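Q: Structure incoming, see below.
The values are calculated or read from the model by the stated rules, or taken from the named source; none is laboratory data. Because the structure is a prediction, the values reported are computed rather than measured. Cβ atoms come from the backbone with ideal geometry, glycine included; neighbour counts cover every protein chain shown. Ligands, DNA and RNA are stripped out before the accessible areas are found, and what is left, the full protein with its side chains, is counted by its heavy atoms. Shrake-Rupley method; radii C 1.70, N 1.55, O 1.52, S 1.80 Å.
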Amino acid sequence: MSVFPKEFLWGGAIAANQAEGAYLEGGKGLSVADILPVGEKRIGNVSLNMDASAFYPSHDAIDFYHRYPEDIALFAEMGLKCLRTSIAWSRIFPNGDEREPNEAGLQFYDDLFDALLAKGIEPVVTLAHFETPLHLVKTYGGWQNRALIDFFDRYTKVVFERFKGKVRYWMTFNEINHTHTIPLLAAGIDVFAFDNEAEKLQALYQASHNMFVASAKAVLNGKRTDPSNQIGCMLSLSPIYPATCNPQDVFESYQLRRRSLFYSDVQLRGAYPEYFGRIVKDNQLSLDITDEDLALIKAGVCDYLGFSFYRSSLHEAGMKILGNTGGLLGKKNPYLKETAWGWPIDPLALRYVCSELTDRYQKPLFIVENGIGLKDIVQADGRIIDQERMAYLKDHVEAMAESIKDGATIIGYTWWGPIDIVSAGTGEMEKRYGFIYVDKQNDGSGDLSRHKKASFDYYQQVIESNGDDLNYQRYIKEDE
């Protein structure tokens with residue numbers, strides 16, 4: 001008998017900027033994601049102005065904006081119970097600071113959510129998924145400016161009211177803890193605008209505070225609009241292991257982990273943790289934090305913790321802080337296999353993280369990103385037998401089941417992504433995560449046609465059995 005509850009939300013996850021395309025259609029304005037060119041360094045040294053000679057993969061992406069009815073039909077056939085996606089803030093407020101929303105953008109999401117619900121698929125919506133309007137970055141400096149609190153407040157009030165009764169599960173900021181590792185995407189901050197590290201840290205921690213206040217106000221807005229809304233925070237929480245038992249490795253790894261958990265500490269506990277005082281003192285931060293802010297943070301606590309998990313990392317004291325920039329994934333772990341992109345495969349770490357978070361917060365968890373990027377091979381007969389993806393899914397569902405036995409409350413699991421989409425880290429299409437193949441290549445060529453991979457039927461089986469039947473051998477026979 002399955003350990004997963006009957007109401008468990010099996011699903012998939014995408015983001016507007018990686019799937020929709022149509023980057024200027026329907027009145028949409030530019031977001032920070034729209035200025036990221038293809039390439040491994042695309043989220044590092046990025047100009048705020050587009051280069052006419054560069055290729056920007058999010059501009060067209062997989063054309064989900066026009067093709068979502070076809071894609072939703074495939075999701076429904078697969079048996080998805082939910083789809084996590086994001087609302088592109090710049091579709092609703094193209095510049096971010098307008099007084100009135102863009103009706104065409106609101107109507108698009110009305111139609112999208114209606115189409116999902118008609119197929120029995122529950123929308124799970126992220127309010128800000130690396131999609132800060134570019135105007136707010138160029139004009140206001142991004143989230144370091146308190147003005148963005150009010151702009152986000154206006155935006156959230158509009159979407160909570162517009163989609164009342166259609167969306168039950170929400171998240172405020174995607175991977176908010178990446179404010180330090182990919183600040184342009186996570187917080188709309190151009191780090192190259194600062195002369196030194198002290199100025200940069202001041203901006204990052206002020207931005208973090210402003211986002212905490214904005215998140216709390218969003219929770220309160222959502223609850224006022226519909227008390228049944230469940231509103232979570234969302235972090236990237238793949239774990240960090242010390243490279244050795246050297247106390248320096250152990251403690252520095254702990255400090256790095258705590259730098260991430262700082263974001264969930266505030267959003268789930270409603271107050272700054274004690275260790276934050278030393279961060280402020282050691283870095284001589286002068287933050288604009290008011291008593292009203294602290295009262296809002298206390299009142300607007302999130303209901304659950306959504307998180308992404310892909311891999312584990314190995315850290316040695318003195319290493320440059322790991323993150324997605326430049327492919328820095330820490331030291332190689334000799335006990336783990338890696339993907340073609342160097343990401344360690346570590347399903348036991350998912351159980352580790354679920355235990356860590358349950359012990360720390362005693363709050364429901366929602367695994368809203370988990371998946372593996374592979375170079376899929378299309379055979380002569382058109383089949384794609386993605387055995388490595390099915391094995392990864394099996395191992396992580398088993399780890400999730402063990403976590404539930406351990407006592408974790410897990411709302412659901414949304415595979416990243418159920419259909420091939422643009423990679424956030426590199427802008428590639430050929431780093432594929434989907435159960436559905438999209439005919440598009442790294443250079444933008446391809447007819448965008450959709451094709452089921454072997455894993456499509458396998459995930460359908462996993463969902464139908466509520467995580468009980470994980471045997472994928474029948475899907476890898478070459479002679480069928």
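Q: For the chain, give me the percentage of DSSP beta bridges that are antiparallel, rounded to the nearest 5 percent.
A: Antiparallel bridges: around 15 percent, rounded to the nearest 5.
Q: I would also like to ask the following. Could you tell me which of PRO242, PHE64, ILE476 has its Cα farthest along the dipole of the chain towards the positive end, charges placed at Cβ (Lys, Arg +1; Asp, Glu -1), taken about the Cα centre?
A: Projecting each Cα onto the dipole axis, the largest value belongs to PRO242.
Q: What are the residues whose amide H is under 5 Å from the amide H of MET171, where those residues sit 5 or more places off or on another chain and H is modelled from the backbone?
A: VAL125, THR126, LEU127, GLY232
Q: Another question about this same structure. For the pair GLU316 and ARG257, how long in nm is the line joining their label points, each one 7 Å along Cα→Cβ?
A: 2.1 nm
Q: Now for a separate question. Quick one: if the Förster radius is 60 Å, what FRET efficiency do ASP439 and ARG224 give, using the C-beta to C-beta distance and rounding to 0.05?
A: That pair, ASP439 with ARG224, gives E of 0.85.
Q: While we're here: Give the carbon-plus-sulfur fraction of the accessible surface of the chain in %, rounded to a whole number; probe 1.4 Å, heavy atoms of protein chains only.
A: 50 percent
Q: Of THR172, TYR205, LEU184, which is farthest along the charge dipole of segment 149-234 in the positive direction, counting Lys and Arg as +1 and Asp and Glu as -1 at C-beta?
A: Positive-end residue among those listed: THR172.
Q: Would you mind getting the accessible area per residue of segment 270-410, heavy atoms of the protein chains only, 1.4 Å probe, in Å²?
A: On a per-residue basis, segment 270-410 sits at 48 Å².
Q: Using only DSSP helix segments of four residues or longer, with each worth -39500 (n - 2.57), what per-residue ellipticity at 222 nm results for the chain after dividing by its residue count and rounding to 500? Before the final figure, lay out each step's value.
A: Numbers: 14 runs with 181 residues, N = 480.
Helix contribution divided over all residues of the chain: -12000 deg cm²/dmol.
Q: Shifting gears a bit: Have a look at the DSSP beta bridges in segment 162-321 and tell me what percent are antiparallel, nearest 5. Mind showing how you got there, number by number?
A: Numbers: 0 of 10 bridges.
In segment 162-321, DSSP labels about 0 percent of beta bridges as antiparallel.
Q: Between ILE279 and LYS405, with labels modelled 7 Å along Cα→Cβ, what's the label distance in nm to one decimal, could you check?
A: Computed distance between label sites ILE279 and LYS405 equals 3.6 nm.
Q: Roughly how many debye, to the nearest 20, is the charge dipole of the chain about its Cα centre, given +1 on each Lys and Arg Cβ, -1 on each Asp and Glu Cβ, and no other charges?
A: So the magnitude is around 900 debye.
Q: Still on this structure: Hey, can you find the accessible area per residue of segment 53-134 for me, probe 1.4 Å, expressed in square angstrom?
A: Heavy-atom accessible area per residue stands at 31 Å².
Q: Let me ask something additional. Which residues' amide hydrogens lie under 5 Å from the amide hydrogen of ILE14, considering only partners 5 or more residues apart or on another chain, with H built in the peptide plane?
A: Placed amide hydrogens put ARG84, THR85 under 5 Å from ILE14.
Q: Leaving out ligands and nucleic acids, note down the accessible area per residue over segment 170-253 with a 1.4 angstrom probe, in whole Å².
A: Values: 2660 Å² over 84 residues.
Value for segment 170-253: 32 Å² per residue.
Q: Where nothing but the Cβ of Lys and Arg (+1) and of Asp and Glu (-1) is charged, how large is the charge dipole of segment 156-312 around its Cα centre, in debye to the nearest 20?
A: 800 debye
Q: Which order do PHE130, PHE194 take when ranked by solvent-accessible area (1.4 Å probe, heavy atoms of all protein chains), largest first?
A: PHE194, PHE130
Q: Okay, next question. Please compute the modelled spin-label separation between GLU464 and ASP110, points set 7 Å along Cα→Cβ, answer in nm with one decimal.
A: With each label point 7 Å from Cα toward Cβ, the separation is 3.7 nm.
Q: Related question: Once the Cβ-Cβ distance between SER53 and LEU287 is put in as r, and R0 is 45 Å, what FRET efficiency do you end up with, to the nearest 0.05?
A: It comes out at approximately 0.65.
Q: Which residue, chosen from HIS129, TYR392, LEU305, occupies the Cα position most advanced towards the positive end of the dipole of the chain, where the dipole is computed from +1 (Lys, Arg) and -1 (Asp, Glu) charges on Cβ about the Cα centre?
A: Ranked along the dipole, the leading option is LEU305.
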